[in-house]
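Engineer: Submitted below is the structure of interest, expressed as structure tokens.
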Amino acid sequence: MVAKHKMYIGGRWVESRSGTWFEVYDPGTGTVLATVPEASADDVDDACRAARTAFDSGIWSKIAERTRARVLFEAANIVRRRRDDLAVLEVQDSGKPLRDALADIDEAAYILEYYAGWVTKLTGEVIPVGPEAMSLVLREPMGVVAAIVPWNYPFLMAVQKTAPALAAGCSVVLKPAEQTPLTALLLPEILEEAGLPPGVFNVVTGDGIHAGESLVRHPLVDKVSFTGSLEVGKRIQRVAADSVKRVTLELGGKSPAIIFADADLSRAVPGTCFGVFWNQGEVCSATARVYVEDKIYDRVVASIAQEAAKVRLGSGLDPEATMGPLISHSQKQRVESYIRSAQEEGAELVVQGALPANPALAAGYFVPPTVFAGAASESAIMTEEIFGPVMAIRRFHSESEVIAAANNSPYGLAASVWTQQLDRALRLGKALRAGTVWINDSQPAPSEAPWGGYKQSGFGRELGKPGLEEFMESKHLYLRIQ
Ligand code: NAD
């Protein structure tokens with residue numbers, strides 16, 4: 001039976017005003033999993049009005065900080081209690097392996113707790129301006145936040161934006177990705193049970209152009225927090241400019257991994273494979289272009305091929321599977337077209353893994369891990385975000401050459417460096433133009449530390465204290481005292 005869901009506006013579960021629905025697919029089998037309301041500008045208007053009314057009433061924005069903190073701590077407890085159900089639904093909706101979905105849910109619970117802790121520790125400043133006056137800086141919530149998220153970490157991304165926005169005292173209208181709305185639709189139940197007043201948090205389900213862009217245009221929205229593609233990020237910035245909305249953009253990447261000859265290969269090889277194949281390669285910070293120092297190049301390419309061949313494709317609920325299907329048929333076609341173009345351009349196909357043997361998965365959106373060596377530096381697989389399990393390896397001769405190659409990208413989200421020389425690690429850490437540089441690791445993004453891009457990977461930061469400040473205004477209060 002296909003489940004029929006409603007969306008959540010002003011504390012009530014509602015259908016869309018137009019009465020239209022859209023289908024959500026299980027990427028493992030290609031079958032319809034659920035239908036959800038297709039929000040239009042009218043529904044978005046309802047949600048923004050509800051959020052604005054709640055914000056202006058002060059039921060959340062002006063309550064005692066410790067009460068606000070308690071609600072978020074309680075929400076973390078409820079997420080933990082519902083961990084297994086949330087994770088299984090996430091697997092069905094997104095295709096990712098269960099253990100990855102469980103890790104996402106655990107981190108989401110922690111993020112709620114982390115920001116709950118901040119609520120009572122947000123202080124202002126007193127600025128010295130001479131004996132006759134006092135300048136106070138107050139931190140105030142920005143207002144109504146439009147949170148627009150992609151499909152690769154559906155619940156985690158929804159919480160990553162909602163938790164700091166609520167901690168700051170804002171109201172939120174969340175728009176999940178149309179491919180993966182199901183776990184985000186459980187968040188209202190969780191927050192309601194935790195004690196969040198109605199109207200403070202709303203979810204509209206719908207596509208990018210009608211639901212997403214109506215949110216960005218809406219005059220009652222103060223801030224847009226967006227995670228998604230570069231193309232849509234640029235468009236959001238243009239649309240938001242009309243009303244000078246505050247915008248945070250977490251966009252794509254084509255992050256480099258650099259393996260020096262002195263690296264500990266027992267860690268560098270699996271770490272680099274994890275950096276590209278984790279979450280089916282549908283990771284903004286995937287270190288998908290790999291530079292290997294000349295002296296160890298052949299050895300590393302052979303070891304990466306062996307490591308990649310260990311990846312097991314299957315249903316996300318199969319405990320043997322280490323990689324699930326891609327999110328959609330169109331994403332599968334897109335990734336396959338990159339693989340074809342790399343072959344046509346003469347890159348050497350080092351390894352391509354096996355598709356799942358189970359006939360029940362024949363219509364699933366699977367693409368096996370694929371490794372190319374020797375691709376031209378300007379080729380599409382070396383320069384464009386593929387968002388799939390495709391690695392491109394090139395050799396390098398010197399440190400200065402590899403720094404230049406790594407920085408030669410419009411993106412700057414992350415980079416990974418494998419070396420045992422401390423001075424080299426620090427030189428690279430400073431020289432690489434990226435929001436995060438991992439030394440002897442790839443992909444950790446602790447929720448206490450800021451996350452975000454240089455260059456066209458976006459601006460603003462999520463997570464850590466900077467992630468909270470994105471939802472607050474600074475107000476200067478000047479008092480003449482003499
Ligand atoms: P996408 O840009 O197509 O969609 C993201 C969200 O934006 C969806 O909810 C979509 O409905 C909405 N949207 C689409 N058009 C819109 C419009 N005109 N106005 C408002 N909203 C609109 O991205 P995607 O394909 O869902 O996600 C993959 C992308 O996300 C990749 O580029 C990836 O790198 C990026 N990403 C970045 C980070 C990061 O932290 N930097 C994290 C995860 C994903």
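Engineer: Of Ser330, Met382, Ser266, which is farthest along the charge dipole of the range 249-388 in the positive direction, counting Lys and Arg as +1 and Asp and Glu as -1 at C-beta?
Structural biologist: Ser330
Engineer: Can you work out D for the range 130-265 in µm² s⁻¹ from Stokes-Einstein, where Rh is the Kirkwood radius over C-alpha pairs, the temperature is 37 °C and the viscosity is 0.692 mPa s? Can you show the working numbers first?
Structural biologist: Values: Rh = 16.6 Å.
The calculation lands on 198 µm²/s.
Engineer: Among the aspartates and glutamates, which fall within straight-line cross-link reach of Lys295, defined as a Cα-Cα distance under 18 Å, with same-chain neighbours fewer than 8 residues apart omitted?
Structural biologist: Within reach: Asp262, Asp264, Glu399, Glu401.
Engineer: Let me ask something else. Please name whichever of Ser409, Leu89, Val276 sits farthest to the positive end of the charge dipole of the chain, dipole taken about the Cα centre and charges placed at Cβ: Lys and Arg +1, Asp and Glu -1.
Structural biologist: Ser409
Engineer: Straight-line reach only, C-alpha to C-alpha below 20 angstrom: list the lysines that Lys430 could link to, leaving out same-chain residues fewer than 8 apart.
Structural biologist: Hits, sequence-local ones excluded: Lys254, Lys455.
Engineer: May I pose another question? Considering every Cα-Cα pair within the chain, what fraction, in whole percent, is farther apart than 32 Å?
Structural biologist: Numbers: 48717 of 115921 pairs.
Summing the P(r) of the chain above 32 Å gives 42 percent of all pairs.
Engineer: While we're on this one: Would you calculate the convex hull of the Cα atoms in the range 56-186 and tell me its volume per residue in Å³?
Structural biologist: On the way: hull volume 15.4 nm³, N = 131.
Spread over its residues, the Cα hull of the range 56-186 gives 118 Å³ apiece.
Engineer: Still on this structure: Within the chain, what is the longest stretch that has no GluC sites (Glu not before Pro) placed in a DSSP loop and near at most 10 other beta-carbon atoms within 10 Å?
Structural biologist: 133-319
Engineer: In Å, what is the Rg of the alpha-carbon atoms in the range 382-469, and how long is Dmax?
Structural biologist: Taking only Cα atoms of the range 382-469, I get Rg and Dmax of 13.8, 42 Å.
Engineer: Quick one: which residues, 5 or more positions from Ser416 or on another chain, have an amide H under 5 Å from its amide H? H modelled 1.01 Å from N in the peptide plane, none for Pro or chain starts.
Structural biologist: Excluding prolines and chain starts, which carry no amide H, the hits are Ala257, Ile258, Trp438.
Engineer: Something else: Across every pair of different alpha-carbon atoms, what Kirkwood hydrodynamic radius in Å does the range 225-362 reach?
Structural biologist: After inverting the mean inverse Cα-Cα distance, the result is 17.6 Å.
Engineer: Right, something else. Only four residue types carry charge here, +1 at the Cβ of Lys and Arg and -1 at the Cβ of Asp and Glu. Report the dipole size of the chain about the Cα centre in Debye, rounded to the nearest 20.
Structural biologist: Working: 48 positive and 58 negative charges, 181 e Å.
Dipole of the chain, to the nearest 20 debye: 880 debye.
Engineer: As I understand it, the dipole of the chain uses +1 on the Cβ of Lys and Arg and -1 on the Cβ of Asp and Glu, about the Cα centre. Which of Val239, Gly353, Gln482 lies farthest toward its positive end?
Structural biologist: Final value for the positive-end residue is Gln482.
Engineer: Write down the percent of antiparallel bridges among all DSSP beta bridges whose residues are both part of the chain, to the nearest 5. Mind showing how you got there, number by number?
Structural biologist: Working: 31 of 71 bridges.
Counting DSSP beta bridges with both partners in the chain, the antiparallel share is about 45 percent.
Engineer: Taking the C-alpha atoms of the range 151-210, how large are the radius of gyration and the largest Cα-Cα span, Dmax, in Å?
Structural biologist: Cα only, the range 151-210: 11.2, 33 Å (Rg, Dmax).
Readers should treat all values here as calculations from the given coordinates under stated rules, not as data from a laboratory. Just so you know, these numbers come straight off a predicted model, no measurement behind them. Because the Cβ atoms are built from the backbone with ideal geometry, glycine has one as well, and the counts that use them run over all protein chains shown.
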